[in-house]
1. Can you sort Glu296, Glu218 by solvent-accessible area, 1.4 Å probe, largest first?
2. Ranked by accessible surface with a 1.4 Å probe, highest first, in what order do Arg43, Arg214 come?
3. Do any of Lys242/Lys267; Lys25/Lys267; Lys61/Lys459; Lys148/Lys242; Lys35/Lys89 go past 23 Å between their Cα atoms, and which?
4. Take the Cα coordinates of region 8-100, assign each an equal point scatterer, and use the Debye formula without solvent to give log10 I(q)/I(0) at q = 0.12, 0.15, 0.21 Å⁻¹.
5. Mind checking the per residue accessible area of the chain for me, 1.4 Å probe, whole number of Å²?
6. Let me know the shape class of region 460-552, please: from the alpha-carbon gyration tensor, a ≥ b ≥ c as square roots of the eigenvalues, rounded when a/c is under 1.5, otherwise prolate if a/b is greater than b/c, or oblate.
7. Taking amide H positions as placed in the peptide plane 1.01 Å from N, state which residues far from Tyr88 in sequence (5 or more) or on other chains have amide H under 5 Å from it.
8. With a point put 7 Å past each Cα toward its Cβ, work out how far Tyr49 is from Thr76 in nm, to one decimal.
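The values are calculated or read from the model by the stated rules, or taken from the named source; none is laboratory data. This one's a predicted model, so the numbers in the text were calculated from it and none came from an experiment. All Cβ positions, even for glycine, are placed from backbone atoms using ideal geometry, and neighbour counts span all protein chains on display. The accessibility values were calculated without ligands, DNA or RNA, using every heavy atom of the protein model including side chains. Shrake-Rupley method; radii C 1.70, N 1.55, O 1.52, S 1.80 Å.
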Amino acid sequence: MSTPVPERVRVGNSPEYITDRKLGKGGFGQVYVGKRVSGGSSRMGPDAYEVALKFEHRNSKGCNYGPPYEWQVYQTLNGCYGIPSVHYKGRQGDFYILVMDMLGSSLWDVWNSAGQAMSSHMVACIAVEAISILEKLHSKGFVHGDVKPENFLLGQPGSPDKKKLFLIDLGLASRWTEAASGRHVQYDQRPDNFRGTIRYASVHAHLGRTGSRRDDLESLAYTLIFLIKGKLPWQGYQADNKSFLVCKKKMATSPEMLCCFCPAPFKHFLEMVTNMKFDEEPNYPKLISLFDGLIEGPASRPIRIDGALKVGKKRGRTLANLEDEQPKKKVRSGSPATQWISVYNGRRPMKQRYHYNVADSRLHQHIEKGYQDGLYISCVASSENFWALIMDAGTGFCSQVYELSQVFLHKEWIMEQWENNYYITAIAGATNGSSLVVMSKGTPYTQQSYKVSESFPYKWINKKWREGFHVTSMATAGNRWGVVMSRNSGYSTQAVELDFLYPSEGIHRRWETGYRITSTAATPDQAAFILSIPKRKPMDETQETLRTSAFPSSHVKEKWVKNLYISSICYGRSVC
């Protein structure tokens, strides 16, 4: 049973409080009303007669190494515009306790009591004030990480702050700048590392990418649309893979579809924030100015917009420079597409051959002809139950076997070849569940392991990385993934890019830090790329990728002229 919170609280040099009714539950903690035992002359501040007490148990996930990280965040932010003040903090018994200003209803409560609908004027006021609160928070080097209606509160009813907006619960906040240098944090993606609330999280958060300023703004966009429309199209999913299904739906829903029946500024806001790059500085004044036409005079404003008005004073100078900005290419068109994704590496001139649209019955003759000409299979792929083969003279293999099987993947045959010192060097799977597995001698590998799973097996990959394995082949059959990992792969480190479209930005960021794509695979929903840093630097580090609706036969010939050769190819989701 969970430990009951103390009935009376005194931390640091605070007055004594009686723990009263429960207000809610945050990321890791729980919040109660605290009433002063004696004294107290004001509604807010350190001398308030009523406060909010946030309790976090010392055994909770956030407290393994002492006080919760949230304490540091409040320490840095205390006095930040739109963030409630912390007046005292300390540990009592089993709990870390924050003593904070008492606030009023959340936007969720207001939305509920307003018949689950809000006027566009009210939501526009919320929008501009929320943007300015996030701007101040971001200027201190933090992102909130869990923007949603429940985390925006109004001031206490009947107080001067009753129409003022506050952002609470910094339990999932993280730094977007490095504390020491002030530089933007490094980009990374760990697909099993989801933080936030599924309904409002940004697509990048679902995919496990490092949090940055764009994510708070995307969550705010979903929050605003929810408050106006009363629901979002991805509500109601109930499944173990709920986060995957919601993310897929977010990516497949165009801004036009999501914002139908909303005034135009909400669609423009969503388009701007979902098109942002990882380290891009948001143009807060421009985002605020989108809502100018929806906001009425001061007397009728249901939410005070002091922060936005201050930004507005600076805005007069900057807006002139914003008008000629070029619109960016849309990320989410609402019409998903699948394509061939091919990867080319710079190499010394060599012989390479490709075959595509190969039926099961023709596979053998193409492969045997290649073997006669001194070529070995370097990669394989499948589209619409037909095979694609790449054979070349630069594999370094000395012997090769392959099997076409009705199952994905044929364990007995693979184990038999392992016994004969062959290792898997290429795999492909077809929509009908069959597979083509190629195993070779002459590889550097010393041990192999593979996994077939219904979703991308990032947890397993991560575990194997720690054991000294690296991904050396990948394939899909329908929506199933097959991943092969090998010891002594020749790579020093690896990273994954996984998305519901071709993850252009992530791949370019990895390229800039010395990674190169070494495996690709895609289902009708997702594309995955393994990027590796080789132990020995290649003579030519050039790498290019292509996306084409048909097999890239004419392009391959153009690449060969530039000594660029196919190193990896797959067919699947590339456009949202």
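1. Working: Glu296 95, Glu218 5 Å².
Correct descending sequence by accessible area is Glu296, Glu218.
2. Details: Arg43 85, Arg214 5 Å².
From most exposed to least exposed: Arg43, Arg214.
3. Values: Lys242/Lys267 25 Å; Lys25/Lys267 32 Å; Lys61/Lys459 19 Å; Lys148/Lys242 18 Å; Lys35/Lys89 16 Å.
From the list (Lys242/Lys267; Lys25/Lys267; Lys61/Lys459; Lys148/Lys242; Lys35/Lys89), the Cα-Cα distance tops 23 Å for Lys242/Lys267; Lys25/Lys267.
4. -0.34, -0.54, -1.08
5. Numbers: 25350 Å² over 576 residues.
Ligands and nucleic acids excluded, the figure is 44 Å² per residue.
6. Working: a/c = 1.83, a/b = 1.15, b/c = 1.58.
Oblate is the answer for region 460-552, as a/c is 1.5 or above yet b/c matches or exceeds a/b.
7. Under 5 Å from the amide H of Tyr88 lie the amide H atoms of Val99, each far enough along the sequence or on another chain.
8. Distance between label points: 3.8 nm.
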